[in-house]
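The values are calculated or read from the model by the stated rules, or taken from the named source; none is laboratory data. For clarity, every value in this text was computed on a predicted model and none was experimentally measured. Heads up, the Cβs are rebuilt from the backbone with ideal geometry, glycines too, and the neighbour counts pull from every protein chain shown.
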Amino acid sequence: MSDLENFRQEIRAWLEENCPAEMRQPVRDEDDVCWGGRHFEFKSEAQKAWLERCAARGYTVPDWPKAYGGAGMSAAEAKVWRDEMARINARPPLSSFGIWMLGPALLKFGTEEQKVHYLGQIARGEIRWCQGYSEPGSGSDLVSLQTYGEDKGDHWVVNGSKIWTSYANKADWIFCLVRTDKANKYQGISFLLFDMESPGVSTKPILLISGNSPFCETFFDNVIVPKDQIVGELNRGWDVAKYLLGHEREMISSTGGGDRAGSLGAAVSRAAALEDPVLRAELALFDVDALAFTAMSEKFMDEVKVGRGHPAQPNMMKYAGTELNKRRLELVMAAGGSAALEWDSEASGGGSNARNWLRTKANSIEGGTSEVMLNVISKRILDLPGA
Amino acid sequence: MSDLENFRQEIRAWLEENCPAEMRQPVRDEDDVCWGGRHFEFKSEAQKAWLERCAARGYTVPDWPKAYGGAGMSAAEAKVWRDEMARINARPPLSSFGIWMLGPALLKFGTEEQKVHYLGQIARGEIRWCQGYSEPGSGSDLVSLQTYGEDKGDHWVVNGSKIWTSYANKADWIFCLVRTDKANKYQGISFLLFDMESPGVSTKPILLISGNSPFCETFFDNVIVPKDQIVGELNRGWDVAKYLLGHEREMISSTGGGDRAGSLGAAVSRAAALEDPVLRAELALFDVDALAFTAMSEKFMDEVKVGRGHPAQPNMMKYAGTELNKRRLELVMAAGGSAALEWDSEASGGGSNARNWLRTKANSIEGGTSEVMLNVISKRILDLPGA
Amino acid sequence: MPLYHTEDQTMLADTARQFMADEGAISKQLRHWRDSGCKDGFGHDLWKSLAELGFTGILVGEEDGGLGMGHVEAGIVLEEIGRNLTPSPFLTSAVAAATALGAGSKDLKGRYLPGLLSGDSVFAVAIDEGRKHRPERIATRAERSGNGFRLNGSKTFVIHGGSADMLVVAARTAGGDEDADGVTLFAVPKDASGLSQDAVKLVDSSIATHVRLDNVQLDADAVIGEVDGGRVILDRVLNAGRVGAAAESVGVAGGAFDMTTTYLKQRKQFGKLIGEFQALQHRAAHLYSEIEIARAATIKAQQLLDAGSEKAELMVSVAKAKAGQAAGLAVREGVQMHGGIGMTDEYDIGLYMKRDRALAEFMGDHYYHAQRVAQLSGY
Amino acid sequence: MPLYHTEDQTMLADTARQFMADEGAISKQLRHWRDSGCKDGFGHDLWKSLAELGFTGILVGEEDGGLGMGHVEAGIVLEEIGRNLTPSPFLTSAVAAATALGAGSKDLKGRYLPGLLSGDSVFAVAIDEGRKHRPERIATRAERSGNGFRLNGSKTFVIHGGSADMLVVAARTAGGDEDADGVTLFAVPKDASGLSQDAVKLVDSSIATHVRLDNVQLDADAVIGEVDGGRVILDRVLNAGRVGAAAESVGVAGGAFDMTTTYLKQRKQFGKLIGEFQALQHRAAHLYSEIEIARAATIKAQQLLDAGSEKAELMVSVAKAKAGQAAGLAVREGVQMHGGIGMTDEYDIGLYMKRDRALAEFMGDHYYHAQRVAQLSGY
């Protein structure tokens, strides 16, 4: 038996013994997700036990080094872990912006002390992070940001505000872009970490058109941030942010069509007789585009794995994937007819179609607008003049 | 009986007596069109007689003043004339760029002598005109033109070249934009008229992708143009050109959908069974747009008549009409299938579908590209900044 | 008839524009009733004001106390309603139900029209039976019973059904579900026994009901027009409702577009006003063109309908489809060009997107009407 | 299998790209044969060169002297053919007919494959019978007669039919016109008595024929595969031809796109390179995205076909539809962005538009294949 096969047997046995039955059911809604953090209220004992058992062996972040709270798995081993998790429909023990976003940045840009301290906290689900990039008035134009950290020797005093901070009202710490040099537009930004319980931090949820409030406005009023809470070099926060934005675009682009490979026409015709021939034709044309994009997603991931493909390709994936997803939900609404218009009825699952439809409209804005993606493709891939 | 009714009876009687039977058949192709000019070869005695009889009474340009070769009809009378012509399917006695384009410009900007002389020639079909605007390398950017007329006291010496001059190889005279002041980009252009038989003028037909050659390149090598052959003021030719461009856009926009009001889906389904449901759906969606545009054309013409509507509206009509017409021919080709691909077979009428399809691609370029139209709408109608 | 407004119509448009911008404004009406959890989803005071202006009688004959105007005039009011997202029962009561009642007996008119003209009554129309508009199929049954009829069946997507004093119900008195003939329209009072309604709030904060007709007993005088002869009235109601919805869509499109071009001239990104970016300029110019064309198609359909032209039906479907598509594009471009703030409830552009969605579905979306254009064109 | 080319495939692509850019260039091939009024519409020397490179044997089994490669490799050659608009019988002979012959008897292979492998023979496939591709319906009849069959019927849009030494003809030996079963494929030699062809020049300067089969008498050994069992072979031929056409379309799209972006970087208007205008940048970036997606869909379909997957058929239709749409957009944007000169015969961009049109129609346009995607998806 190969080492990998041995490893698979080990994992399988461990999962069998340690993954509670309740954690082998599909995630039904937001409430089933374990976000961790200081104030997280576990939904059940099983959820808590599942996190603790995984964290103890580094399985919350299986491919991070053991020194930083991970399990040190190789890429092949991590795939075995995912396969075995999928085999029993196990839920992720922990989901967080720390794992998805700050972690990769720290692994690349953090000091050894930062890695041990912060990555360990993330791996154990002790600290829930939020991201502070956009500001009111900045939008796509991140370099125009105004939040300012004044140098006070061993600390900065941060003043300003952020917008679109996901779950800022539930987060413990924030990773935040702060201007530390007013003279230099690009080079004058630093990537700081600080506690959301610091004096002077306050948050206000933003009500969205979908009726949900996953984002906040976040205000900083003379917030003190010690000097060792910077990631990367002073005034080079833009490098860290760009690295993370690339990550984010890859994540968002992968939600566009890759994991929804089935035929939309078939799905809606199961739900309701497709009597309208023009709508049916539009669904057929959509399915052509969606199935083609699924192939593109697969090709993109295959190329990423071996370092092929243009480095700006995630921008194209983000553009095409999000535009496709918006179109998908437009068609879901059309096929759903008046039933899909219902906003809070039980029959409509609390207006799930309508709210999902509205939610998709943010796809082509968050993580870089479609317009910015097209600019980037023009410049970096097509090399068009002045782009 | 009203005066107008009397007038109608007169016209009807005159047409009955003077319009040859052969001239009451539909125009089948280019050959049936009477363009006039020094070298025009009449296709038949009837065609010649019809032109001469109409010209003698000013009916080639019914609403021009009698002093300039017209019949001096009022708008209401001209409508009666058109109605009565249409009633017996009479062909236009004369078609020309002189009537459509130079005439309106002369009526607005010409001197009395010019009007009497040139308009009379146009009305009688003696001189065939072509238009010299675009230059190789200028395209949409008319003000960049290079053809230069050097001031030699009582005449200019013109050097340079033009492109897209319609039927330049068959025209007798040209109305031409010539730079007369190199220092001033906009104000340094004059609107000159000269004989295509002047020494130094040569033409070269341009073969188009449709296989036809309606346009030429035209070269000027030390062409002498007397000073009285200018329309409007020196260095203000741009005013005349803009006025004419507006005219041209109106003409082109009216061909987009207004005169083809029927259902495309019905037309192609008469020609061939429409077995493909997705193509049928696309035709239905096209017909919605085409019928809506027909209403828009009607509204536009109604508003033009009473001086309502935004002065830049012809740009919108040109944009929407030409884009629609391109889409129409794409669908004609799709519905025609392999039969529509034939290029010179008798069954395909010498490839009429394919050639028409290719011809439509010029719609959104000639007379101002779609991109320029959108720029103009942005600036003049929407008042967007920096447009 | 020229395709622009007459002097009288222009005056009406000025009045409607001013009134709706003042009294029908989003902050005063839509947000107010939405955020106060109003069970009607609109304000009765505004409805009364519309009546006082005579608007509710636009499509009511002069002999019945109305203004005896046409669909062009009703469309003028609806375009302003659309521009301001003003919630009101105008389309269902003063357009659709009024058109049905116009075919009713003197008695029926006397019973219901005064309330409409005074703004005291609200009406609804109950036509659809499934999630998509498909009036070619009417399965709700009305059987003769005693002096009148007994209705059984169910109806969906009845806008303002819960607020209505009377529902115009299309039911089948003869033939099979898909037959063109054998349909009869009934004026069903809200308190008819056996009539029950489940109210649902829709995405645009309007309130619709699912209607159940469970042995609803009606007198013969509840019949609108002739028994078995309801299809011709139903078609009239549909034409009126569809061209009215098209006009409202044109207003929604125009309102969203104005808001968006205003934003393009204010918002800065990368050191420039975003309206300076040519890619956005071209999209805005294209959108302008689409809205203008939709407006022209809608006026044409209104005029043909008012003239009783046989081409009206085709043009009504063209108008509903084109206006729906133009408004859809307007709200999608509007939200995208607003960027992040377009996603917030605080900004109005999202409300345009929600209203457009509900309006597009009302009496047939552009897929339905494109199909209808093909059928009416003979392919 | 990862969705990118293996090392061997990359080498093949390099060879094909270089060869086609040199020998298959528009000036050397398409324009040359077009302007010299060649009756074949392509050059036999180039066809021989393709054979010498082994390309004509890519889909021929090794046991028959070919390379025994798959649709990925055939697609690599076709993409370069598309990029250079190189006229050749590769798609009809080395892809479609070769796939049919692969199901033939040893005798049939021995009769025809050597000519394909040497580049001495050209084959065509005669499937369509009307102006639109509809292979579900085969009306051409083959009746048993003597030792063999007698064929009657007509075929349309037979590309290279007039140049072909042999035509693969789909005919009906049993059942009604629309039946799936009862179809038989025949290898019909060009000199068969009763076979007549009318050549027509197409918009892309390729030559097709209208084929008439008037009591064409064939021996039994002209049957490809089993009598009445031709549908399964026909489906294989269609899959091969469609995915091949998709690959060629991706090449056409890529060629037109490269030419257009090059032009955007050279042409000045209003004092700027036109590639600096953001509206054109965004359209170019969108087009890039569409072409990339079409290429991915095509490679996926090729791999599924090579792997014998049951999902191949669906993905082949996705690829043909998507590649056709992407190429259509590429040539339309290409011509428009070239402005006036794009309309002239002197510039190559118009030739891309013409080729795209013919290729889109070959073996089903995107309307046909979208319909097929719906059917295969069960709606």
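Results, tabulated for the structure shown:
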{"read-out": "Answer from C:G37, C:G24, C:G54, C:G41 - the residue that is more than 14 Å from chain B (Cβ to nearest Cβ) and at pLDDT below 95", "value": "C:G37"}
{"read-out": "One residue from D:G225, D:G255, D:G194 being under 19 Å from the mean Cα position of the chain (by Cα) and either away from chain B (no Cβ under 14 Å) or closer than 13 Å to D:A126 by Cβ (or both)", "value": "D:G255"}
{"read-out": "Any hit, segment C:140-149, residues being at negative phi, of a type in the set (V, I, T) and in contact with a helix residue (DSSP H, G or I) (Cβ under 9 Å, 6 or more places away or on another chain)", "value": "no"}
{"read-out": "Within segment C:197-235, tally of residues that are more than 24 Å from C:R34 (Cα to Cα) and assigned to a strand (DSSP E or B)", "value": "10"}
{"read-out": "Residue list for segment C:351-367, filter: in a loop (DSSP other than H, G, I, E, B) and at the interface with chain A (Cβ under 8 Å from one of its Cβ atoms)", "value": "C:D365"}
{"read-out": "Residue satisfying condition, being at pLDDT 95 or above, outside any loop (DSSP other than H, G, I, E, B), out of contact with any Phe, Trp or Tyr (no Cβ under 9 Å at 6 or more places or on another chain) and of a type outside the set (D, E, K, R), within set C:L108, C:L116", "value": "C:L108"}
{"read-out": "Residue among C:V237, C:V158 that alone is of a type outside the set (D, E), surrounded by 23 or more Cβ atoms within 10 Å (Cβ to Cβ) and within 14 Å of chain A (Cβ to nearest Cβ)", "value": "C:V158"}
{"read-out": "Residue selected from segment C:299-318 under the condition under 18 Å from the mean Cα position of the chain (by Cα) and of a type outside the set (A, V, I, L, M), by the criterion surrounded by the most Cβ atoms within 10 Å (Cβ to Cβ)", "value": "C:S317"}
{"read-out": "Which numbered condition D:A296 misses (of (1) surrounded by fewer than 24 Cβ atoms within 10 Å (Cβ to Cβ); (2) closer than 27 Å to D:V77 by Cβ)", "value": "(1)"}
{"read-out": "Residues satisfying the stated conditions in segment D:334-350, i.e. at the interface with chain B (Cβ under 8 Å from one of its Cβ atoms) and under 20 Å from B:N356 (Cβ atoms)", "value": "D:V335, D:Q336, D:G340, D:G342, D:M343, D:T344, D:D345, D:G350"}
{"read-out": "Listing of strands (runs of 3 or more DSSP E) fully contained in segment A:148-228 that carry 1 or more residues being within 14 Å of another protein chain (Cβ to nearest Cβ), touching a residue at least 60 places away in the same chain (Cβ under 8 Å) and touching a strand residue (DSSP E or B) at 6+ places or on another chain (Cβ under 7 Å)", "value": "A:155-166, A:215-226"}
{"read-out": "Any chance A:A71 is under 30 Å from A:G110 (Cβ atoms) and either in contact with a strand residue (DSSP E or B) (Cβ under 9 Å, 6 or more places away or on another chain) or not assigned by TED's automatic domain parsing to the domain that holds A:M196 (or both)", "value": "yes"}
{"read-out": "From C:D191, C:D198, residue being surrounded by fewer than 23 Cβ atoms within 10 Å (Cβ to Cβ), in contact with a strand residue (DSSP E or B) (Cβ under 6 Å, 6 or more places away or on another chain) and free of Cβ contacts under 8 Å to residues at least 24 places away in the same chain", "value": "C:D198"}
{"read-out": "Residue that is modelled with the lowest pLDDT, among those in segment A:228-277 that are of a type in the set (A, V, I, L, M, F, W, C) and under 19 Å from A:S140 (Cα atoms)", "value": "A:I252"}
{"read-out": "Residue match in segment D:275-287 (condition: of a type in the set (F, W, Y) and more than 9 Å from every other protein chain (Cβ to nearest Cβ))", "value": "no"}
{"read-out": "Members of segment A:282-303 found to be within 11 Å of chain B (Cβ to nearest Cβ) and farther than 17 Å from D:K320 by Cβ, listed by number", "value": "A:E282, A:L283"}
{"read-out": "Meets criteria (farther than 30 Å from B:M101 by Cα and in contact with a Leu (Cβ under 8 Å, 6 or more places away or on another chain)) for B:A281", "value": "no"}
{"read-out": "All positions within segment A:304-360 that are touching a residue at least 40 places away in the same chain (Cβ under 8 Å), in a loop (DSSP other than H, G, I, E, B) and either facing another protein chain (nearest Cβ under 8 Å) or under 21 Å from C:L351 (Cβ atoms) (or both)", "value": "A:W343, A:G351"}
{"read-out": "Number of positions in segment A:51-89 that are surrounded by fewer than 19 Cβ atoms within 10 Å (Cβ to Cβ) and among the small types (G, A, S)", "value": "8"}
{"read-out": "Residue that is without any contact (Cβ under 8 Å) to a residue 40 or more places away in the chain, facing another protein chain (nearest Cβ under 7 Å) and surrounded by 24 or more Cβ atoms within 10 Å (Cβ to Cβ), where the choices are C:A321, C:A370, C:A374", "value": "C:A374"}
{"read-out": "Selection status of D:V335, of a type in the set (A, V, I, L, M), modelled with pLDDT of 95 or more, surrounded by 23 or more Cβ atoms within 10 Å (Cβ to Cβ) and farther than 20 Å from A:L291 by Cα", "value": "yes"}
{"read-out": "One residue from B:S138, B:S134 being touching a helix residue (DSSP H, G or I) at 6+ places or on another chain (Cβ under 6 Å), at pLDDT below 95 and in a loop (DSSP other than H, G, I, E, B)", "value": "B:S138"}
{"read-out": "Residue in segment C:89-111 that is within 25 Å of C:A246 (Cβ to Cβ) and surrounded by fewer than 20 Cβ atoms within 10 Å (Cβ to Cβ) present", "value": "yes"}
{"read-out": "Segment A:26-50, residues that are surrounded by 12 or more Cβ atoms within 10 Å (Cβ to Cβ) and assigned to a loop (DSSP other than H, G, I, E, B)", "value": "A:V27, A:V33, A:C34, A:W35, A:G36, A:G37, A:R38, A:F40, A:F42, A:K43, A:S44"}
{"read-out": "Lone unmet requirement of (1) at pLDDT 95 or above; (2) within 21 Å of the chain's Cα centre (by Cα); (3) within 14 Å of chain C (Cβ to nearest Cβ) for A:I377", "value": "(2)"}
{"read-out": "Of all residues making up segment C:1-11, the number that are part of a helix (DSSP H, G or I) and within 23 Å of B:F300 (Cβ to Cβ)", "value": "4"}
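This table checks each residue for (1) modelled with pLDDT of 95 or more; (2) among the basic types (K, R).
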site: B:L145; (1), (2): no, no
site: B:K152; (1), (2): yes, yes
site: B:N159; (1), (2): yes, no
site: B:I163; (1), (2): no, no
site: B:A168; (1), (2): no, no
site: B:W173; (1), (2): yes, no
site: B:D181; (1), (2): no, no
site: B:Y186; (1), (2): no, no
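Listed here are the residues, each with its yes/no results for (1) assigned by TED's automatic domain parsing to the domain that holds D:T92; (2) not polar (S, T, N, Q).
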| site | (1), (2) |
| --- | --- |
| D:L117 | yes, yes |
| D:R131 | no, yes |
| D:R137 | no, yes |
| D:S154 | no, no |
| D:M166 | no, yes |
| D:G175 | no, yes |
| D:G182 | no, yes |
